[in-house]
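I have placed the structure first, in the form of structure tokens, so that the comments after it can refer back to it.
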Amino acid sequence: MRKLFALLGMLVLVLPVLFGATKAANVTDLHWVTRNDAPIPFVRMVFSLSSPVHATASISASGTSTTLVLKNATLTGIPTSIVMDDGIAKSATLSQSGSDTVVKIETPKAIDVEDLKVFTLKKDTVNNKPYRMVVDIQKKGVAPRENYYGKKPVAPVADKAPAKEPPKAEVKPTAKAAEKPTAKPATPKSNPPAKTESKPAPKQQITLPTVPEKPIPQVVNYRATGGISGKTIVLDPGHGGSDPGAIGPTGLQEKQVTLPIAEYLKSILEAKGAKVILTRTTDVDVYGPHASGVDELQARVNVANGNQADAFISIHINSFSNPNVGGIATYYFDGSEQSKKLASSVQGQIADHSGFNGDRGIQPGNLYVLRHSFMPSILVELGFISNPKEEGHLKESSTRQAFANELAKGLELYFGG
């Protein structure tokens with residue numbers, strides 16, 4: 001018989017510390033999303049609450065039905081049945097049982113304790129977010145990927161980008177193709193002939209976040225030489241808001257590390273004369289709470305493209321099922337020689353950071369934010385939060401500042417400063 005996954009003991013202890021004594025709550029909303037950008041894909045359900053609640057959860061003997069009970073909570077006009085993801089969590093039904101709300105989640109395959117996570121989020125008055133309870137269900141029978149990206153897509157030879165690029169500027173394709181992402185593998189970046197009737201828009205600051213319903217078609221005449229002073233650099237602190245990112249053995253969240261590093265790096269680069277824009281400056285989602293993966297990632301790309309950036313740096317921390325795996329890596333989208341050059345310059349500075357398990361090199365990665373940005377762009381993985389030793393270092397302010405200094409040196413080297 002499968003284990004009983006009892007959250008009562010955990011949540012009763014945690015919630016009073018965070019919120020104080022609980023009272024009768026209303027369940028005011030329910031959102032769900034499939035996250036395919038994690039080492040193991042998962043479905044996330046988020047319950048909005050008028051006040052904090054205690055909860056218990058259990059998995060049936062068959063493993064295909066999970067029951068979540070929200071104690072002293074009343075349904076208030078939200079759907080009582082939702083259809084979700086056939087491959088992970090098929091459906092959920094909500095019902096009132098006395099003073100409690102009961103949620104039954106059906107999964108296509110039997111799950112176990114390690115496939116189910118439940119955690120709470122405090123009320124956020126700054127960003128107008130209520131109390132929330134989050135339920136994550138991992139896809140069963142899938143081996144975890146070492147990183148978030150998968151392999152480089154195979155493309156016909158005719159679609160590959162030319163081996164040689166202009167030395168100072170590269171005209172990128174318009175954003176039209178990014179308006180409706182499809183499941184087809186994306187081809188590498190290329191340099192199509194510039195349209196005579198289209199002129200690059202002048203560089204200007206755009207109020208953040210820049211999230212139009214459809215990205216404005218444009219080209220970016222980025223600059224790759226002449227020193228770092230005067231360059232526009234967009235920094236993307238990974239995750240944030242409703243998405244904590246990877247979580248370490250002691251509970252450190254990826255989003256809690258990426259933002260401070262970006263803030264330190266912003267200060268350093270501005271002191272060198274660069275104009276620096278962050279995709280987020282607080283613990284928020286860039287597009288909006290619980291957005292789809294595509295919407296959230298495109299919102300970050302929009303900030304870089306819309307601000308005519310000369311470089312785009314996405315900052316992340318890696319995670320893996322084996323806690324002994326560690327090290328530092330930098331990803332670029334294959335087909336952009338300038339992005340590869342940027343990756344090499346940065347990785348050369350961060351690779352041998354003390355206390356981390358060495359240099360994992362630069363690697364081509366089929367990441368959405370790199371595939372859809374119109375300027376040299378990279379994603380850095382500054383260690384593994386799943387590695388206890390590296391997680392310990394990532395908690396330290398000195399480590400975050402040191403990474404920021406190393407990233408700045410790499411950018412300065414790339415721009416020829």
When you go through Gly240, Gly251 one by one, which is the residue that is at positive phi and open to solvent by 10 Å² or more (accessible area, probe 1.4 Å)?
-> Gly251
For segment 328-352, which residues satisfy the criterion of being surrounded by fewer than 22 Cβ atoms within 10 Å (Cβ to Cβ), in a helix (DSSP H, G or I) and free of Cβ contacts under 8 Å to residues at least 60 places away in the same chain?
-> Lys340, Ser344
Residue among Pro79, Pro185, Pro162 that is open to solvent by 60 Å² or more (accessible area, probe 1.4 Å), assigned to a loop (DSSP other than H, G, I, E, B) and modelled with pLDDT of 80 or more | Pro79
For segment 254-291, how many residues are assigned to a loop (DSSP other than H, G, I, E, B), open to solvent by less than 60 Å² (accessible area, probe 1.4 Å) and farther than 24 Å from Thr34 by Cα?
-> 2
Yes/no for Phe320 being in a loop (DSSP other than H, G, I, E, B), farther than 30 Å from Arg44 by Cα and at pLDDT below 95 = no
All positions within segment 292-327 that are touching a Leu at 6+ places or on another chain (Cβ under 9 Å) and open to solvent by 20 Å² or more (accessible area, probe 1.4 Å) = Leu297, His316
Of all the residues that make up segment 289-327, how many are in contact with a strand residue (DSSP E or B) (Cβ under 6 Å, 6 or more places away or on another chain) and free of Cβ contacts under 8 Å to residues at least 60 places away in the same chain?
-> 1
How many residues of segment 49-63 are open to solvent by 10 Å² or more (accessible area, probe 1.4 Å), within 27 Å of Lys129 (Cα to Cα), among the small types (Gly, Ala, Ser) and in a strand (DSSP E or B)? The answer is 0
All positions within segment 97-116 that are under 18 Å from Pro41 (Cβ atoms) and open to solvent by 20 Å² or more (accessible area, probe 1.4 Å) = Glu106, Pro108, Lys109, Ala110, Asp112, Glu114
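Per-residue answers, yes or no, for (1) more than 19 Å from the chain's Cα centre (by Cα); (2) at pLDDT 95 or above; (3) of a type in the set (Asp, Glu):
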| residue | (1), (2), (3) |
| --- | --- |
| Ile206 | yes, no, no |
| Lys214 | yes, no, no |
| Val219 | yes, no, no |
| Ser229 | yes, yes, no |
| Ala246 | no, no, no |
| Ala262 | no, yes, no |
| Leu278 | no, yes, no |
| Gly288 | no, no, no |
Considering each of Thr66, Thr28 in turn, give the residue that is among the hydroxyl-bearing types (Ser, Thr, Tyr), in contact (Cβ under 8 Å) with a residue 40 or more places away in the chain and open to solvent by less than 60 Å² (accessible area, probe 1.4 Å).
-> Thr66
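The values are calculated or read from the model by the stated rules, or taken from the named source; none is laboratory data. Just so you know, these numbers come straight off a predicted model, no measurement behind them. Positions of Cβ are backbone-derived with ideal geometry, glycine not excepted, and every protein chain shown enters the neighbour counts. In case anyone asks, the SASA skips ligands and DNA or RNA and just uses the protein heavy atoms, side chains included. Shrake-Rupley method; radii C 1.70, N 1.55, O 1.52, S 1.80 Å.
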